[in-house]
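Worksheet: one structure, shown below.
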Amino acid sequence: MRRMLVAGNWKMHGLGANLPEIAALRVALPDPRPEVIVCPPATLLHRVAGALAGSPIRAGGQDCHWNEGGAHTGDISAAMLADAGAAAVILGHSERRADHGERSETVARKVAAAWSAGLLAIVCVGETAVERDAGAALAVVGAQLAASLPDGATAANCVIAYEPVWAIGTGRTPTPAEIVGVHGAIRAALASRFGAGMARGTRILYGGSVKPGNAAEILGLADVDGTLVGGASLRAADFAAIVAAAG
Ligand code: PGA
């Protein structure tokens with residue numbers, strides 16, 4: 001009942017010169033079985049959305065402000081992302097939490113803003129290596145999840161992305177048992193707060209060093225409903241291979 005979702009996070013990569021990757025992705029994925037979303041930097045969003053017009057692949061943002069508008073130099077509202085063609089937005093990514101001191105309470109306000117603009121919120125949680133080594137992975141992820149999700153979360157307006165910080169961009173991935181353990185705990189937490197139906201329907205993505213070579217194994221695990229892909233989303237051929245592994 002949960003449709004797989006593969007989302008690409010381009011991070012601070014991508015210039016106009018990279019737009020041919022979007023055209024190549026359209027050719028490679030004319031009718032993908034999973035839902036597919038590409039999140040380029042904000043400067044490219046409008047052009048990427050235009051390049052995807054008429055395709056089932058959708059565009060998304062990587063962050064938004066919690067206010068609808070106002071005096072916030074350099075920030076971008078959820079409505080602006082939607083206006084530029086976004087259908088979704090990544091929120092609470094560990095790089096935002098680390099680089100910008102973003103706290104879960106702030107993430108929750110951004111999620112609410114995303115919903116007001118009609119965007120799907122892709123809400124990221126994940127522990128650091130130190131936290132995992134201390135045996136605190138589930139506690140950290142649980143606390144982030146609780147504080148990052150406002151009341152009103154549904155299977156239709158949010159997706160959870162579990163991204164262990166130590167696996168992002170490192171080539172290291174958790175063991176299958178570790179992934180299944182965290183995903184199961186996330187689903188249990190969703191069930192106890194939002195109800196069994198919401199938990200059953202909500203996609204939980206794994207992210208962190210997913211590549212064409214490991215995607216099928218990870219995507220085949222219990223409670224893994226897709227993936228959030230960083231580095232391997234920049235090349236259409238790699239990203240398309242991951243989408244194929246999901247569907
Ligand atoms: P990675 O990044 O695939 O390059 O590890 C994942 C992410 O940060 O979303």
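The values are calculated or read from the model by the stated rules, or taken from the named source; none is laboratory data. Because the structure is predicted, anything quoted here is derived from the model rather than measured. Note: ideal-geometry Cβ built from the backbone for every residue, glycine included; neighbour counts use all protein chains shown. Just the protein is used for accessible areas: all its heavy atoms, side chains included, with ligands, DNA and RNA removed. Shrake-Rupley method; radii C 1.70, N 1.55, O 1.52, S 1.80 Å.
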Can you tell me which residue in the stretch 14-44 is most open to solvent (accessible area, probe 1.4 Å), limited to those that are under 18 Å from A86 (Cβ atoms) and within 16 Å of the chain's Cα centre (by Cα)?
A42
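Condition check ((1) hydrophobic (A, V, I, L, M, F, W, C); (2) open to solvent by 10 Å² or more (accessible area, probe 1.4 Å); (3) under 26 Å from S233 (Cβ atoms)) across all residues:
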{"position": "A113", "(1), (2), (3)": "yes, yes, yes"}
{"position": "A121", "(1), (2), (3)": "yes, no, yes"}
{"position": "T128", "(1), (2), (3)": "no, yes, yes"}
{"position": "G135", "(1), (2), (3)": "no, yes, no"}
{"position": "V140", "(1), (2), (3)": "yes, yes, yes"}
{"position": "A161", "(1), (2), (3)": "yes, no, yes"}
{"position": "T170", "(1), (2), (3)": "no, yes, yes"}
{"position": "V182", "(1), (2), (3)": "yes, no, yes"}
Looking at the stretch 183-204, I want the residues that are over 19 Å from G126 (Cβ atoms) and have a partner that is open to solvent by 40 Å² or more (accessible area, probe 1.4 Å) and hydroxyl-bearing (S, T, Y) with Cβ atoms under 7 Å, at least 6 apart or on another chain. Which pairs are those?
M198/T154
Which one is nearest to A114 (Cα to Cα) among residues in the stretch 144-175 that are of a type in the set (A, V, I, L, M, F, W, C) and within 16 Å of the ligand (Cβ to nearest atom)?
V159
Please work out which one of (1) open to solvent by 30 Å² or more (accessible area, probe 1.4 Å); (2) within 16 Å of the ligand (Cβ to nearest atom); (3) outside any helix (DSSP H, G or I) is the condition E178 fails and give its number.
(3)
State whether the residues of the stretch 145-153 include one that is within 14 Å of H93 (Cβ to Cβ) and in contact with a helix residue (DSSP H, G or I) (Cβ under 8 Å, 6 or more places away or on another chain).
yes
Consider only pairs whose beta carbons are under 9 Å apart and that are at least six residues apart or on different chains; among these, list those whose first residue lies in the stretch 76-92 and is without any contact (Cβ under 8 Å) to a residue 60 or more places away in the chain and under 20 Å from P150 (Cβ atoms) and whose second residue is open to solvent by 40 Å² or more (accessible area, probe 1.4 Å) and within 16 Å of the ligand (Cβ to nearest atom).
V89/Q62; L91/Q62
Residue hits (the stretch 200-247; at positive phi and either open to solvent by less than 10 Å² (accessible area, probe 1.4 Å) or within 15 Å of the ligand (Cβ to nearest atom) (or both)) are G208, S209, G226
So Q144 passes all but one of these: (1) in a helix (DSSP H, G or I); (2) closer than 20 Å to N9 by Cα; (3) of a type in the set (S, T, N, Q). Which condition number does it fail?
(2)
Determine whether the stretch 58-70 contains at least one residue that is more than 20 Å from the chain's Cα centre (by Cα) and in contact (Cβ under 8 Å) with a residue 40 or more places away in the chain.
yes
